[in-house]
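> First, the structure itself, so that you have it in front of you.
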Amino acid sequence: MLQSAKLKYLFPIILFGTFFLDGALNQIFSAVLFQYPYSMICNLTLMWFVMGIFFEGESQINFTLWAFVIGIVFDWYYTGVFGVNTFIIPLVVMFVREVRLYVNTSFLIVMVLDTLAMALYNVLFYAVFQAIHLANVSASFFIGYSFFPTIILNLALFVVLYYPIKTFFRRTRGTNYRSFG
């Protein structure tokens with residue numbers, strides 16, 4: 001039970017760490033990630049949510065609440081358009097939590113769900129910004145030059161980070177959960 005409590009406190013700390021790391025990586029590697037016409041965005045925060053949903057054990061983390069909080073902070077700190085991430089991130093987290101009930105935990109399943117979460121997030125973000133006239137690119141340009149490169153970048157990050165994050169959760173989650181994919 002002590003391990004479960006430890007994860008309950010470590011999850012939000014690391015969540016905010018991934019939030020700032022997303023921005024730092026996007027800034028540090030901006031010459032590579034945002035080389036015209038391509039645009040790739042690190043989504044480590046969303047990846048942390050997906051991994052947390054799959055590997056939390058018995059810690060009972062309120063993912064929707066944390067998604068709402070990080071969405072507000074994301075809108076305030078990065079986008080400046082309030083309400084977009086505040087609602088999109090919790091929607092994506094709720095989607096992953098619902099799908100999680102029907103699937104087993106394995107590398108491939110978590111990777112597919114992570115990719116679906118990234119895709120849903122990026123499509124909703126584009127749709128909202130298109131609707132409020134802050135994005136003025138065609139859907140084909142968005143898909144070819146932003147959506148697919150972002151998905152590929154985050155898949156690569158997922159492959160690199162999957163086992164370290166899985167090991168972290170295995171060591172800090174509740175004691176009654178002994179096996180997962």
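The values are calculated or read from the model by the stated rules, or taken from the named source; none is laboratory data. The shown structure was predicted, so the numbers you read here are calculated from the model rather than taken from an experiment. All Cβ positions, even for glycine, are placed from backbone atoms using ideal geometry, and neighbour counts span all protein chains on display. We work out accessible area using only protein heavy atoms, side chains counted, and drop any ligands, DNA or RNA first. Shrake-Rupley method; radii C 1.70, N 1.55, O 1.52, S 1.80 Å.
> Projected onto the charge dipole of the stretch 58-181 (+1 at Lys/Arg Cβ, -1 at Asp/Glu Cβ, origin at the Cα centre), which of 167, 64, 95 gives the Cα projection farthest towards the positive end?
167
> Could you check the spin-label model distance between residue 31 and residue 6? Points 7 Å from the Cα along Cα→Cβ, value in nm.
With each label placed 7 Å out from Cα toward Cβ, I get 4.1 nm.
> For the chain, with only Lys/Arg (+1) and Asp/Glu (-1) charged at the beta-carbon, what is the dipole magnitude about the Cα centre, in debye rounded to 20? Before the final figure, lay out each step's value.
Details: 9 positive and 6 negative charges, 121 e Å.
The dipole of the chain has a size of about 580 debye.
> For residue 82 and residue 13, what does the FRET efficiency come to when R0 = 22 Å and r is the distance between their Cβ atoms, rounded to the nearest 0.05? Before the final figure, lay out the partial values.
On the way: r = 25 Å, r/R0 = 1.11.
Rounded to the nearest 0.05, the efficiency is 0.35.
> Right, here's the next one. Amide H neighbours of residue 41 under 5 Å, counting only residues 5+ apart in sequence or on other chains, H built in-plane at 1.01 Å?
The list, which skips near neighbours in sequence, is 150.
> Defining a contact as two alpha carbons under 8 Å apart and six or more residues distant in sequence, what relative contact order in percent does the stretch 79-181 show?
On the way: 36 pairs, mean separation 36.6, N = 103.
Over the stretch 79-181, the number comes to 36 percent.
> Let me ask something additional. State the answer as a single residue: which of 135, 49, 74 lies farthest towards the positive end of the charge dipole of the stretch 40-181, with beta carbon charges of +1 for Lys and Arg and -1 for Asp and Glu, about the Cα centre.
In the stretch 40-181, that residue is 49.
> What does the accessible area per residue of the stretch 102-181 come to in Å², with a 1.4 Å probe and no ligands, DNA or RNA counted?
Numbers: 4540 Å² over 80 residues.
Value for the stretch 102-181: 57 Å² per residue.
> Over the residues of the stretch 7-162, compute the C-alpha Rg and express it relative to 2.2 N^0.38 Å.
Working: Rg = 15.1 Å, N = 156, 2.2 N^0.38 = 15.0 Å.
Compactness ratio reported: 1.01.
> Here's something else I'd like to know. Once the piece of chain linking residue 91 and residue 152 is laid out straight, how much longer is it, given 0.36 nm per residue of separation minus the C-alpha distance between them?
Value of the extension gain: 19.7 nm.
> Suppose every Lys and Arg Cβ carries +1 and every Asp and Glu Cβ carries -1, with no other charges. What dipole size does the stretch 83-181 come out with about its Cα centre, to the nearest 20 debye?
Dipole about the Cα centre, nearest 20: 540 debye.
> Gain in length, residue 72 to residue 136, computed as 0.36 nm per residue apart minus the alpha-carbon separation, to one decimal in nm?
Working: separation 64, 0.36 × 64 = 23.04 nm, distance 2.42 nm.
Gain on stretching residue 72 to residue 136: 20.6 nm.
> Let me ask another. Using alpha-carbon pairs under 8 Å, 6+ residues apart, how would you state the relative contact order of the chain in percent?
Details: 192 pairs, mean separation 63.3, N = 181.
Computed over the chain, the figure is 35 percent.
> Tally Lys and Arg at +1 and Asp and Glu at -1 over the other residues with C-beta under 11 Å from the C-beta of residue 63: what net charge comes out?
Values: positive: 97, 100; negative: 56.
Charge balance near residue 63 sits at +1.
> Rounded to the nearest 0.05, what FRET efficiency is calculated for residue 64 and residue 171 with R0 set to 30 Å and r the Cβ-Cβ distance? The partial results should precede the final answer.
Working: r = 25 Å, r/R0 = 0.83.
Rounded to the nearest 0.05, the efficiency is 0.75.
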